[in-house]
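Reading through the structure tokens given below for one structure.
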Amino acid sequence: MIFRALLLLIPIAFSLPGQDRPAGFRITFSKDVRSEATTGRVYVAISKTDRREPRSQIGRTGTPFFGTDVEDLKPGEAVIIDDQLGSPVAHLKDLPAGDYYVQACLNVYTKFARSDGHTVWMHMDQWEGQRWVRSPGNGYSDVHKIRWDPTAAGEHHSIEINHTNPPIPFPEDTAMVKRFRIQSKLLTAFWGHPIWIGATVLLPRGYDEHPSASYPVIYKQGHFSTRSPYRHGPGSEWMSDDFPRMLAVTIQHPTPYFDDSYAVNSANNGPYGDAIHQELMPEIERRFRAIPESWARVLTGGSTGGWEAAALQIFYPDVYGGAWIFAPDPLDFRNVEGINVYEDENAYYKLHDWRKVPTPNTRVPSTGEIVLTSRQRNHYELVHGTKGRSGQQLDIWSAVFGPVGDDGYFKPLFDKLTGKIDPTVAEYWREHYDLRHYLKQNWKTVGKSLVGKLHFFAGRRDQFYLNIGVEHMQDFLESTRDPHYAGTFSYGGRGGHGWSPFKSRGELLRLMAAHVQRNAPPGKASRTWRY
């Protein structure tokens, strides 16, 4: 009985014929997980504690993990992980000897035969927001305790992936929160595979009691989530007697690259901007009595959602009536989490005469201490996935902002291993998605539709240096004439990522509602939604 118990705790360790190979792991998946040959990526996570599963401890500064691509891997067929790149420990040979808890995972890829003629293999989001750790249909193993010896050349610990993540049920509606999703014809045609987009809608108090009322809409942008856009329980501002009656909407638009498309058309993701505005928004307005006019549509969001709020207002200036933009992703590519896309030769270091200094990526707002360098951050992404399939931040920027490569995946801004920047890709970024540059080039034509609509908020100590892009945007917008932009910029001197000057979200919502009422055309500011 003791022997059987040990077999459950300790995967078999054995030596391969080639003793010159480093110590590592021999990973298989059972036919109960996948009965067919599978293309995707296999990982092993290694932790010091089993308080949580090792796979759930993976993070930017989390537990070590390693990965390798697989193609047509059959059930029971082994894949070896021993000398592949890892993060935050770069190589298994550098993992100190000791006792560890280990777990293997399988991320399943889907074949996409795109309309642009390219065929790619990527992870199809299952409405989990591109999180391979929990994505339905992906596999994972039991947690095993092992004794690790990096000097035991050729010794590979055997782990079987024998469990499958369950489906994620679509959330049920409540009295005030409604959800739906539709298959996008435009995106399905582009990807050659069914692609779904959706919306979560928070109704105002009294919605059912006022069937003749139509409402302005707050479009709250951000990462994938089906939760209610705002708190609306008893005692919340949303339910108070004097609170503005509006619809609050979040949209769900994950892509095979990320949990969010950035809401614009792009060469690698496809026509998400068209799908949102031609397919999803009309359905929202039809189902929920939204006022289908620009003055009644306002935007807000932070970080990814901040960039989206800015981009949608700028690229669709006559569709939306104003944007309140918090800690947006880079509005100007002279600082992309520390990287100057246009001037740096390498994404991983700066050259200062004779000195080569690592490019910082993440800092602590209170002290300025560097948490991650650009090299560390990008190698973390590379372990998640090659060819931009990490589902992480820098890769989605390349997918949205960059051109398609010869292999059908995005053409990278820089080499993920070495950091060397491709200036031709940098130029593509500038001409297509540098929002400050776009406004500078097109202000004479779009400026008149943006007067009074752009409002930016940033902490001066943003963890990811995103305040710098906001400052560059301010330099340009403050210089505009005929017309002057007539918007606002607000900064928190010691504020980090997500800083806000508002004491509550209700304060911001009231401000947006007042803006809507103030800018409604004469005769169109219906009081039916102001009960």
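The values are calculated or read from the model by the stated rules, or taken from the named source; none is laboratory data. All figures in this text were calculated on a predicted structure; none of them were measured in a lab. Here the Cβ is made from the backbone with ideal geometry for all residues, glycine too, and neighbour counts use every protein chain on show.
Go through the stretch 129-164 and give me each residue that's aliphatic (A, V, I, L, M) and out of contact with any Leu (no Cβ under 8 Å at 6 or more places or on another chain). Of everything in the stretch 129-164, those that are aliphatic (A, V, I, L, M) and out of contact with any Leu (no Cβ under 8 Å at 6 or more places or on another chain) turn out to be VAL133, VAL143, ILE146, ALA152, ALA153, ILE159. Scanning the stretch 105-135 for residues that are in contact with a Phe, Trp or Tyr (Cβ under 8 Å, 6 or more places away or on another chain), small (Gly, Ala, Ser) and within 17 Å of THR39 (Cβ to Cβ) returns no hits. If I filter the stretch 161-181 for residues that are of a type in the set (Phe, Trp, Tyr), outside any loop (DSSP other than H, G, I, E, B) and within 34 Å of the chain's Cα centre (by Cα), do I get at least one hit? Among the residues of the stretch 161-181, at least one is of a type in the set (Phe, Trp, Tyr), outside any loop (DSSP other than H, G, I, E, B) and within 34 Å of the chain's Cα centre (by Cα), which makes the answer yes.
So that you can scan it fast, the table gives a plain yes or no per residue for (1) more than 19 Å from ARG481 (Cα to Cα); (2) not in a helix (DSSP H, G or I):
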{"residue": "TYR428", "(1), (2)": "yes, no"}
{"residue": "LEU439", "(1), (2)": "no, no"}
{"residue": "LYS444", "(1), (2)": "no, no"}
{"residue": "ALA458", "(1), (2)": "yes, yes"}
{"residue": "TYR465", "(1), (2)": "yes, yes"}
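Between TYR230, TYR262, TYR272, the distinction of being more than 22 Å from THR110 (Cβ to Cβ) and either surrounded by fewer than 19 Cβ atoms within 10 Å (Cβ to Cβ) or within 28 Å of the chain's Cα centre (by Cα) (or both) belongs to TYR230 only.
For PRO244, which of the numbered conditions (1) at pLDDT below 95; (2) touching an Asp or Glu at 6+ places or on another chain (Cβ under 8 Å) fails to hold? Going through the list (1) at pLDDT below 95; (2) touching an Asp or Glu at 6+ places or on another chain (Cβ under 8 Å), PRO244 breaks only (2). Selection of the stretch 37-53 for residues being touching a residue at least 60 places away in the same chain (Cβ under 8 Å) and either over 18 Å from SER135 (Cα atoms) or not in a strand (DSSP E or B) (or both) yields ILE46, ASP50, GLU53. Residues in the stretch 499-523 that are assigned to a loop (DSSP other than H, G, I, E, B) and surrounded by fewer than 17 Cβ atoms within 10 Å (Cβ to Cβ): PRO501, PHE502, LYS503, SER504, PRO521, PRO522, GLY523.
Taking ARG481 as the residue in question, decide whether it is among the basic types (Lys, Arg), out of contact with any Phe, Trp or Tyr (no Cβ under 8 Å at 6 or more places or on another chain) and touching a residue at least 40 places away in the same chain (Cβ under 8 Å). Criteria not met by ARG481.
With the structure loaded, tell me whether GLU343 is surrounded by fewer than 21 Cβ atoms within 10 Å (Cβ to Cβ) and of a type in the set (Asp, Glu) or whether it fails that test. Let's see the steps before the verdict.
Working: surrounded by fewer than 21 Cβ atoms within 10 Å (Cβ to Cβ): yes; of a type in the set (Asp, Glu): yes.
Judged against the criteria, GLU343 is a match.
Please go through the stretch 104-120 and pick out each residue that is over 15 Å from ARG41 (Cβ atoms) and not acidic (Asp, Glu). If the condition is that a residue be over 15 Å from ARG41 (Cβ atoms) and not acidic (Asp, Glu), then PHE112, ALA113, ARG114, SER115, GLY117, HIS118, THR119 are the ones that fit.
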